[in-house]
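Working notes, structure below.
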Amino acid sequence: MILKHQVMEMLLNACPSFKEPWKEYFDYSYQPGEEQLLYVDLGEFAVHLVNLYKGKSLAEFPDVFEVIERLHINGDDFVKEAATIGLLEGIQNIAGNSDLNPEVFYEYLKPESKKWWDRLNDYWSGRSPSV
């Protein structure tokens with residue numbers, strides 16, 4: 001089972017281009033010993049993914065989206081929810097607010113992640129009362 005303290009390390013391993021931005025963000029955002037806020041961290045990672053897409057730097061996407069799938073399948077309840085609400089919804093919002101159709105990411109999603117992406121879309125379109 002994947003726990004919240006493992007998530008960012010898994011994403012960093014899958015996406016080495018995020019290591020330097022992560023270090024800068026982490027040093028700016030956290031004091032030594034301070035608890036990390038996974039949802040906020042995932043939002044920062046979502047920004048990076050949108051920027052990679054915009055820069056046509058997609059080489060890391062297969063590994064990244066494989067990790068996202070693993071979070072949805074093997075994460076504890078907190079990690080599963082964070083993978084959907086923190087990361088997938090973050091990608092959708094950040095892309096949509098930067099003149100990029102969020103659906104460009106759909107092709108990279110694996111089956112379980114696609115299910116949650118679709119549920120987010122259903123919720124925000126009013127087709128479903130919850131995710």
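The values are calculated or read from the model by the stated rules, or taken from the named source; none is laboratory data. Worth saying up front: this structure is predicted, and the values here are computed from it rather than measured. Note that we place each Cβ from the backbone using ideal geometry, even for glycine, and neighbour counts take in every protein chain shown.
Brief remarks on what is shown
- Selection count where residues are aromatic (Phe, Trp, Tyr) and either in contact with a Ser or Thr (Cβ under 6 Å, 6 or more places away or on another chain) or farther than 23 Å from Leu38 by Cβ (or both), scope the range 79-131: 2
- Filter pass, Ile73 being in contact with an Asp or Glu (Cβ under 8 Å, 6 or more places away or on another chain), part of a helix (DSSP H, G or I) and β-branched (Val, Ile, Thr): yes
- Just one of (1) surrounded by 16 or more Cβ atoms within 10 Å (Cβ to Cβ); (2) farther than 19 Å from Lys80 by Cα; (3) not aliphatic (A, V, I, L, M) fails for Glu35. It is (1).
- Scanning the range 86-98 for residues that are surrounded by fewer than 20 Cβ atoms within 10 Å (Cβ to Cβ), assigned to a helix (DSSP H, G or I) and small (Gly, Ala, Ser) turns up just one, Gly96.
- In the range 99-111, the residues that are hydrophobic (A, V, I, L, M, F, W, C) and in a helix (DSSP H, G or I): Val104, Phe105
- Scanning the range 7-48 for residues being touching a residue at least 60 places away in the same chain (Cβ under 8 Å) and out of contact with any Lys or Arg (no Cβ under 9 Å at 6 or more places or on another chain) gives a total of 1.
- Scanning the range 65-85 for residues that are under 20 Å from Cys15 (Cα atoms) and acidic (Asp, Glu), we see that the one that is surrounded by the fewest Cβ atoms within 10 Å (Cβ to Cβ) is Glu66.
- Candidate set from the range 113-131 (those that are hydroxyl-bearing (Ser, Thr, Tyr) and not in a helix (DSSP H, G or I)); member that is nearest to Glu89 (Cα to Cα): Ser130
- In the range 99-131, the qualifying residues are those that are exposed (fewer than 14 other Cβ atoms within 10 Å of the Cβ), of a type in the set (Ser, Thr, Tyr) and at pLDDT below 95, and the one that is farthest from Ile2 (Cα to Cα) is Ser125.
- Qualifying position, being of a type in the set (Asp, Glu), in a helix (DSSP H, G or I), at pLDDT 95 or above and more than 21 Å from Tyr106 (Cα to Cα), among Asp41, Asp63: Asp41
- Meets criteria (closer than 21 Å to Phe26 by Cβ, among the β-branched types (Val, Ile, Thr) and within 10 Å of the chain's Cα centre (by Cα)) for Val67: yes
- Check on Lys56, assigned to a helix (DSSP H, G or I) and without any contact (Cβ under 8 Å) to a residue 12 or more places away in the chain: no
- Residues that are under 14 Å from the mean Cα position of the chain (by Cα) and surrounded by 18 or more Cβ atoms within 10 Å (Cβ to Cβ) do occur in the range 18-29, at least one of them.
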